[in-house]
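Just so it is clear, none of the values below were taken in a lab; they were calculated from the coordinates. Treat the numbers as computed from the prediction; the structure is a model and nothing was measured. All Cβ positions, glycine included, derive from the backbone under ideal geometry; neighbour counts span all protein chains shown.
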Amino acid sequence: MSHHSPATTQTATQSSDCPPPADEEPGSIPAEEPPHSLTQIANPVPSIHQPHTTRPALWAAVPDEQWQDWRWQLGHRLSSVDELAQVIHLTTEEIAGLTADDKFRVDITPYFASLIDPDDPHCPIRRQVIPLGRELEAFEGMQADSLAEDAHSPVPGLVHRYPDRVLMLITTQCASYCRYCTRSRIVGNPHQTFNRSHFEQQLAYLRGATQVRDVLLSGGDPLTVAPKTLETILSSLRAIEHIEIIRIGTRVPVFLPQRVTDEFCAMLRRYHPLWLNVHINHPKEITPELSAALAKLADSGVPLGNQSVLLAGINDSIHIQRELAHKLVRNRVRPYYLYQCDLVKGAGHFRTTVAKGIEIIEGLRGHTSGYAVPTYVVDAPGGGGKIPVMPQYLISQAPGRVVLRNYEGYITTYDEPLDYDAGMIEHLDRQAPRRAEPGQSGVHGLLAGERVAIKPEGFDSVHQRKGAAP
Ligand SMILES: *Cc1c(COP(=O)(O)O)cnc(C)c1O
Ligand code: SF4
């Protein structure tokens with residue numbers, strides 16, 4: 001197929017007029033308001049006069065109540081070339097990606113599609129959700145289950161990788177699908193999702209796993225699950241005494257901010273302490289609609305974090321990352337993780353070097369609020385879990401002194417106490433609770449004297465040479 005033109009001339013004229021998403025911040029006070037209006041400060045929930053993203057012509061006639069209804073948005077997602085060609089000028093490579101047989105599912109909410117610049121093939125919104133032909137190319141190191149999650153699952157959908165926390169996948173569905181999705185092997189299949197009997201098995205495992213104090217609901221996107229089912233899962237988790245915190249990882253506020261209704265927030269309030277991580281990769285995603293959704297969540301007492309993925313051609317720029325971090329913090333969202341792109345099928349062309357991630361952290365730490373600096377992590381292939389990576393700040397050390405450098409390149413010394421007594425805390429230390437981490441105490445276990453070495457696989461047999469043939 002060749003270059004598609006928009007379906008109607010009306011769409012064509014209108015969509016090229018369509019500005020990129022409005023950049024205004026929520027709570028920016030209109031000129032006629034008194035500058036320190038208390039109501040503005042006390043009640044950041046936006047009114048209907050709040051600026052919002054301009055809709056493409058295709059949806060201009062859709063009544064506001066429908067556009068703002070998350071069910072309408074889900075029911076009108078775009079997935080085919082023909083549907084997408086009505087709102088954006090597709091490139092040849094996008095058409096190749098969209099028409100490929102063996103592709104990861106495509107589905108884009110009308111709201112998110114309305115953020116796409118119809119004329120810019122490099123639009124960061126567009127690149128995240130519209131496949132390119134090259135998505136199907138294999139690359140060196142590519143793996144199906146790059147994080148070995150399946151091996152870590154005691155029951156379907158539960159990934160118990162770390163000592164005290166689990167990942168609980170409750171659906172395979174998302175509001176829209178990200179081309180670089182780390183779980184594309186399980187996500188997006190409309191015929192295979194988790195059901196009530198899986199939830200029962202997951203909950204049964206958790207009731208018995210008393211070391212688990214933190215449950216992270218993810219998927220797929222937990223916010224696409226029927227509201228009643230989600231509440232049942234939350235209340236069942238809350239009923240388990242040893243589960244201290246519940247976390248939700250979701251991209252629904254980004255794809256479908258309409259889902260963050262007052263009713264939904266009131267429901268979340270019943271299950272505190274509940275934390276929520278969103279997934280925002282580019283400042284353009286932070287529209288007035290998303291800001292309003294984030295404000296509602298924050299006002300409901302939900303601490304908000306952001307996990308983003310470092311993506312070539314989308315956000316692998318220190319200036320874009322700074323803008324993102326600043327916009328997040330203004331929206332009461334703490335940047336949590338910046339992920340190195342996983343070695344997953346379909347993500348080859350999104351990968352950057354690790355050096356780029358280090359460079360970005362170098363450009364953030366010290367240059368801006370500590371609150372605005374995420375932890376850059378490589379999720380280790382083979383199931384090693386998240387490994388933080390950062391620039392080196394410790395330059396050298398000798399007994400009694402360390403040499404450090406700051407973000408400006410200022411090199412300084414810190415004199416360490418020569419009479420430090422690490423045993424002074426023992427009395428209090430004995431009273432603090434112990435948490436067992438069988439087999440997972442790791443390098444800390446070495447420091448604590450639990451063992452003297454961690455051996456690579458096959459180490460003992462390699463070194464049992466006594467009497468063996470050379
Ligand atoms: C990321 C992740 C977690 C949570 O890790 P935190 O560092 O605590 O945010 C838990 N389980 C799995 C399998 C994960 O991938
Ligand atoms: S929202 Fe998350 S789980 Fe869903 S496609 Fe995107 S990255 Fe994958």
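Among the trypsin sites (Lys or Arg not before Pro) found in segment 169-242, those both in a DSSP coil and sparsely packed, with 16 or fewer other Cβ atoms within 10 Å of their Cβ, are ARG213. A straight line joining the Cα centroids of segment 237-299 and segment 399-415 runs 41 Å. Projecting the Cα positions of GLN68, GLN307, VAL377 onto the charge dipole of the chain (unit charges on Cβ atoms of Lys, Arg, Asp and Glu, taken about the Cα centre) puts VAL377 furthest along the positive direction.
A full extension of the chain between ARG269 and ASN195 corresponds to an added length of 24.2 nm, given 0.36 nm per residue minus the alpha carbon distance. A cut-off of 5 Å between modelled amide H atoms, ignoring neighbours fewer than 5 places along the same chain, links THR375 with TYR337, LEU338.
Taking 0.36 nm per residue of separation and subtracting the current Cα-Cα distance, fully stretching the chain between ASP429 and ASP120 would add 105.3 nm.
The tail of the calculated P(r) for the chain beyond 41 Å holds 25 percent of all Cα-Cα pairs.
Close amide H partners of ILE248, meaning residues 5 or more places away or on another chain with modelled amide H under 5 Å apart, are LEU217, TRP275, LEU276, ASN277.
Which FRET efficiency value, to the nearest 0.05, is calculated for ALA100 and ASP64 with the Förster distance at 41 angstrom and r the Cβ-Cβ distance?
Once the sixth-power term is evaluated, E becomes 0.70.
Roughly what % of DSSP beta bridges within segment 150-388 run antiparallel, to the nearest 5? Approximately 20 percent, going by the DSSP bridge assignments. A full extension of the chain between TYR371 and GLN392 corresponds to an added length of 5.6 nm, given 0.36 nm per residue minus the alpha carbon distance. At an R0 of 25 angstrom, the distance between the Cβ atoms of ASP460 and GLN143 translates into a FRET efficiency of 0.35.
Evaluate E = 1/(1 + (r/R0)^6) for TYR407 and ALA380, where r is the Cβ-Cβ distance and R0 equals 35 Å; express this FRET efficiency to the nearest 0.05.
0.80
Since only PRO110, ILE233, PRO121 are under comparison, the one whose Cα sits farthest along the positive direction of the charge dipole of the chain, derived from C-beta charges on Lys, Arg, Asp and Glu, is ILE233. Using a cut-off of 24 Å between alpha-carbon atoms, which lysines can reach LYS466, once sequence neighbours fewer than 8 places away in the same chain are excluded? Correct list for LYS466: LYS455.
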